[in-house]
Structures are given as C-alpha cells and as structure tokens.
Amino acid sequence: MCGIVGYVGKKDAYPILINGLKRLEYRGYDSAGVAIWGPDGLNVQKCKGRVSDLEAHVSGRSMAGTTGIGHTRWATHGEPNDVNAHPHVSNKGDLALIHNGIIENYAPLKEELMSRGHVFYSDTDTEVLVHLIDDIQRTEGTDLAESVRLALGNVVGAYAIVVMDEKYPDMLVAARKSSPLVIGIGEDGDHFLASDATPIVEHTRNVVYMEDGEIAIIDREHGLRVRNIKNQETRPSIQALEIQLEALEKGGYEHFMLKEIYEQPRSIRDSMRGRLNLAQSDIVLGGIKDHEQRIVNAKRILIVACGTSWHAGMVGEYLFEEYARIPVEVEYASEFRYRNPVITEDDIVIAISQSGETADTLAAIELAKGRGATIIGICNVVGSSIARMTHAGSYTHAGPEIGVASTKAFTAQVTLLTLMALMIGRRKGTIDGAKFQQLLLELDSIPAKVEKVLKTEAQVKYIAGIYKDARNALYLGRGYSFPVALEGALKLKEISYIHAEGYPAAEMKHGPIALIDEEMPVFVIATQGASYEKVVSNIQEVKARKGKVIAIVTEGDTIVKEIADHTIEIPASPDAFVPLLAVVPLQLLSYHVAVMRGCNVDQPRNLAKSVTVE
Ligand code: F6R
C-alpha cells in the first residue's frame, strides 16, 4: 500500500527520500513522487510507475533542498497516472501533501470546496485534504499545524499525512488516524518520517511511533513537537528500533521471497527461543502471562485475521481444539466486523497479523474490544498498530518480511499458535506431562526438519517446470493439512496469476472433481497420519479421472509413490506440526513457477504488503 517518507535536517533531502521510497517498494505501489523545499520554493515532481521512473523523470532538474516528502501511491480512488500521484498541491502551489489511507467523505468536501472556488485536477480523495487545509489557513488565519488540526476535524476516514508549506520553510506537519507513521530522530537535528520503520533504520534507531489523533510538527528550529487531538502538547516516547539493516536486503538471493523461504529454520527457531524450555518441560509466553488464566478458563476463542494470517488461524483452530479442548471460531476480519457478531466478556479474541496494520483486522479488534473481549495479538512488526491495540500478545520473531507473498511470517505465526495451544493445554491439564514433553521435543526438531525440506528445492523446481503453463490448479489436504492446501493455492495465484483453489480433500467429490482432466495439476498433502488412507483414496479418485497428482508425502512412503505422478518427501512429524513442513515445498513451487512465467515475484501486480484500507 502507499508509502510515506519525509526528511528535515541539514543534508540533501532528495537522495534520502529516493532511498526511503526504494525501501518502501515492497509495500506495492503504482506511482511515486517527491516535494522538496528548494531555492525557488516548493519543487514537486511525480509520475506513474516505479521509483526508478521518478528518478528518470527528475534527472537533469535541480532537486536541491534539505526538507522534503516522498510518496509511493497504491491506487484506490482514480487510476494510476501522473496527476493522481502524490504529492498533491494547493491551487497556489504553496502547500504540498502526501496521504496514506482513505478519506471517506471526500465527495461532499470536494463539492463544498469547489463551490468556494477551489479547482481540482485529480480523481483522488487525497486532493480534498490539501484544499481543505489551504481553505482553513486563508479563512481562519491559522498557522499550518492548527490548520491541519482543524481540517482533520472535518474528515471521516483513515489517514497518515505529511504537509509542507512554503510559508514555513524547513517544517513538516504530520498527522495520523488508523494509518501508521513513524518518526526517526537522528543526530545533529536530523528528523525522518515514514509509514514504517524500513526507510529509517539506516539513519537512526531512535523512533517515535505516532498515536492516533496526534499531530507532529518537525522543524529545524525546535526539532519535534507533538500535539494531541485536543491541541495539548505531549511528550513523545522514544523507542529503540531492533531491525537489522541486513534484514532489509536480499543477501545474495535473487528475490526477497526466496530469501525469506530459506530463513524459515531460523525464524521458526527465533519464534520459539526463550519460550520453549525443554529442560524444564515448559512453555512460557511472557507477553500473555498475565492473561494465561483467562485463556485457560475461556469457553471460546475467536481468531480474526486476513489472507495468509487467516490460514495460520485455521491451523490454530485445530491446535487449540485438539490440545486445549477450547472451541475455536476462525473469522475473516472483514466479515466479522460487519455482521454484528455475538461477543461476550468471556471470549478470547486472537488477532493475527504480520504487518500489524491490516485495516480490517484493526477494525475487528476495535469491535471485540468494545464488547469486552480480551484481545491477544500475534504480530510480526514490533510497535505496529495491532500490537499496541491488543490487551496482550506475542511477537513472531520472523524479522522483516519484504516479499509481498507471506512465507516466513506464516510459519512463525503457526509456531506461536502451536506454543500457545500446547501451553494452555498443559496448564489446563488436557495434555499430560509425558505427552507434553514428547510434543516439545518434536516441536524443537522442526527447524532442522525445515532445513531438510529446503533441500527438495531442485526437485520442486523441476516439477514447477512441468506445470508452469497450467491455467488452473487444485490443492487438497485434510485435517491440519487443509489450511496448508488453502495457503498453497493462495501462494500460487498471488505470484504466478494461475487460478488455484484449495479444498478439504474429501470435499472434492462434492463439486471440484468436475474440473479434473489430464490438464489439471492436483497438489495433495498426503503425509502419514490420521487421515492418510482417506487421502490415498482421494488421490485414486483424481487419478481415475486422469488428473496429474503431485503429492507431499512422508519420507519412505511407498503407497502414494505408486499412484502419484510426483512425490516430494518431508520428514515424519506429528499431524499438528505437518503444516510447518508441508507448506515449504508449496512456497518453493509457487516461487519457481512465478519466476519461470516471468512474474514480479516480490511485488506481484495489484497486491500490497500491508493492506491499510478496508
Ligand atoms: C498473502 C498475504 C496476505 C496477508 C494479508 C494479511 O501472501 O501476504 O494474504 O496475509 O493481507 O496481512 P497481515 O498478516 O499483515 O495482517
């Protein structure tokens, strides 16, 4: 989704802004722009396309100046083109503004402003903001920060904005509501602004996460000042960033996605570190310790999430029901928030989100919180909105995930859900001590087993070469492997644009079987465990209709090998931990198919890394 960068200081702003925009490319975007306070006033440059297109567009022009803003736009209102790109400017060209989010009441505001003589050029909702601030400045005679505050009082929607005004050189005014903004405080009066910490980390580790309703005024003379919605000055709380710069680079891999797939042994291990204690046969999750008993006593758990995180939530459902004997409902956050769900104070709501900024998940949390439920977060991004909005939670320690298709975040989420379910089961007494210790040993061995699964890459690549031109694909699994089938199908469709569907294997005969012919690849998770024989029968059904079967099997399997067209072996493990292993070849397969089809693996078309609009 849209990205924001800003800089105030003594250095040249342009290279800092362009570098920052490149760091934000992973979020997904379709146009880019910058505004710099230069010797001739505001210098605004923008165009459709990549940040490199913007660089080409400005080449040969002077981009001098030490204060500036930059933006990558992911179109919502109005197609991607030069005019709709941000920054947007006032009619006199003295104000420039960038915005993430959506202004829901832009239409009546625009009508009102047009009747007052404002001329609009773009189709965006954003442009009303700059006109509104300009209008207030002129009619009320207020300064920039106060005009921004008054303007936002008229706005319905979500926003993170940064504004520059020719009358206030070397000043940026920023504000947020439901869309994140981070301020970096560097040395020698340097200040940085960004929609997430990735553009800031190479400059400073001291950051302030803006809160909803806050307005930040950053200028050369006074540094950073923050005001709340009531216009009272507040003291910003400075935190230390823990992200390492190397985590934001490809480290020799061709794509971030491949690097992140290969990071999984480490990220799963990191998500267990300090939590899984084999010696004492215990699991300790410090972040939810104070709420442990509430979870143990819960009559019901609701899991809310979107996309891949929702698939992790489904694995969580099987885990909590099997090991903690607590009924679980897994909800798409977008559906949950709009259907007046029954929520009581006894409910535990687990919100799962890699980015911690997904608008629908945030809204679902707000709703459940308002009705008294206890909200537990599972987030990857430290300091993100969801992490801060929940009552308690545990971070997945996957590290920054830059590839748009989620890989290591999924396995880290499943790891945490596994730890939670086992811990609650043990506290509740639904798992006995001996079984618990055995499960801990198995879980502890997962990172090494993932290493082994990664060694199947050459074989997976070969299979990808055979099916890369397929137009459709089916993914089948049962029990714990059903969510893996869904996740495998999502990975294929989002990065290679092949239509793919995941199904519970037994559901196939209730409809999808009609699709099967000799052209159809069917990916089946057929590991040995509770439903192995049933899945073997499902494979027979596919083969009887001449479908092509690619099966993920347990090492040493002979039965499926006889019938399937291809098999990929993964190490034996209890059913509950199979998702952590079986998903890996499916990630690799999607990756190689996408590369072979010439697709943009890390930034697939139309997709955004963090979906901050509903
Ligand atoms: C798929 C993918 C998305 C996200 C979804 C939720 O690869 O990345 O489906 O899982 O948009 O995002 P988070 O987890 O950030 O809330």
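Here are some notes:
- When we screen ALA434, ALA405 for residues that are within 16 Å of the ligand (Cβ to nearest atom) and small (Gly, Ala, Ser), the only hit is ALA405.
- Residue in segment 121-129 that is closer than 22 Å to SER178 by Cβ, in contact with a Cys (Cβ under 7 Å, 6 or more places away or on another chain) and buried (at least 21 other Cβ atoms within 10 Å of the Cβ) present: no
- Single match in ARG269, ARG235 (criterion: modelled with pLDDT of 95 or more and either among the basic types (Lys, Arg) or outside the structural domain of VAL148 (by TED's automatic domain parsing) (or both)): ARG269
- Selected residue [of a type in the set (A, V, I, L, M), more than 20 Å from PHE482 (Cβ to Cβ) and within 16 Å of the ligand (Cβ to nearest atom)] from VAL349, VAL330, VAL342: VAL349
- A count restricted to segment 545-586 and to residues that are assigned to a helix (DSSP H, G or I), without any contact (Cβ under 8 Å) to a residue 60 or more places away in the chain and open to solvent by 20 Å² or more (accessible area, probe 1.4 Å) stands at 4.
- Single condition ALA174 does not satisfy, out of (1) part of a strand (DSSP E or B); (2) open to solvent by 20 Å² or more (accessible area, probe 1.4 Å); (3) within 23 Å of GLN232 (Cα to Cα): (2)
- Taking segment 388-402 as the range and being more than 10 Å from the ligand (Cβ to nearest atom) and farther than 14 Å from ALA305 by Cβ as the test, the residues that pass are ARG388, MET389, HIS391, ALA392, SER394, TYR395, HIS397, ALA398, GLY399, PRO400, ILE402.
- Looking at segment 235-308, the helices (runs of 4 or more DSSP H) lying wholly inside it that each contain 3 or more residues that are crowded, with 18+ Cβ neighbours inside 10 Å and under 25 Å from the mean Cα position of the chain (by Cα) sit at 256-262, 264-272.
- If you go through segment 309-325 and keep only what is among the aliphatic types (A, V, I, L, M) and either more than 25 Å from GLU357 (Cα to Cα) or open to solvent by 10 Å² or more (accessible area, probe 1.4 Å) (or both), you end up with MET314, LEU319, ALA324.
- Among residues of segment 528-544 being within 22 Å of ILE466 (Cβ to Cβ) and among the polar types (S, T, N, Q), the one that is surrounded by the most Cβ atoms within 10 Å (Cβ to Cβ) is ASN538.
- Of the residues contained in segment 140-161, one or more are found to be in contact (Cβ under 8 Å) with a residue 24 or more places away in the chain, in contact with a Pro (Cβ under 9 Å, 6 or more places away or on another chain) and either in a strand (DSSP E or B) or at negative phi (or both).
- Counting only helices (runs of 4 or more DSSP H) wholly contained in segment 408-476, the ones carrying 3 or more residues that are within 29 Å of ALA551 (Cβ to Cβ) and small (Gly, Ala, Ser) occupy 408-428, 457-467.
- Unmet requirement for ALA506, which otherwise passes all of (1) open to solvent by 10 Å² or more (accessible area, probe 1.4 Å); (2) modelled with pLDDT of 95 or more: (2)
- Residues (part of a loop (DSSP other than H, G, I, E, B) and either in contact (Cβ under 8 Å) with a residue 60 or more places away in the chain or within 12 Å of the ligand (Cβ to nearest atom) (or both)) located in segment 590-599: ARG597, CYS599
- Residues within segment 408-431 that are within 16 Å of the ligand (Cβ to nearest atom) and free of Cβ contacts under 8 Å to residues at least 60 places away in the same chain, tallied: 0
- Per this entry, GLN232 is counted among residues that are exposed (fewer than 14 other Cβ atoms within 10 Å of the Cβ) and farther than 21 Å from THR418 by Cα.
The values are calculated or read from the model by the stated rules, or taken from the named source; none is laboratory data. Computed from a predicted structure; not experimentally measured. Cβ sites come from the backbone with ideal geometry, for glycine too, and all protein chains shown count toward neighbours. For accessibility, only protein heavy atoms count, side chains too; no ligands or nucleic acids. Shrake-Rupley method; radii C 1.70, N 1.55, O 1.52, S 1.80 Å.
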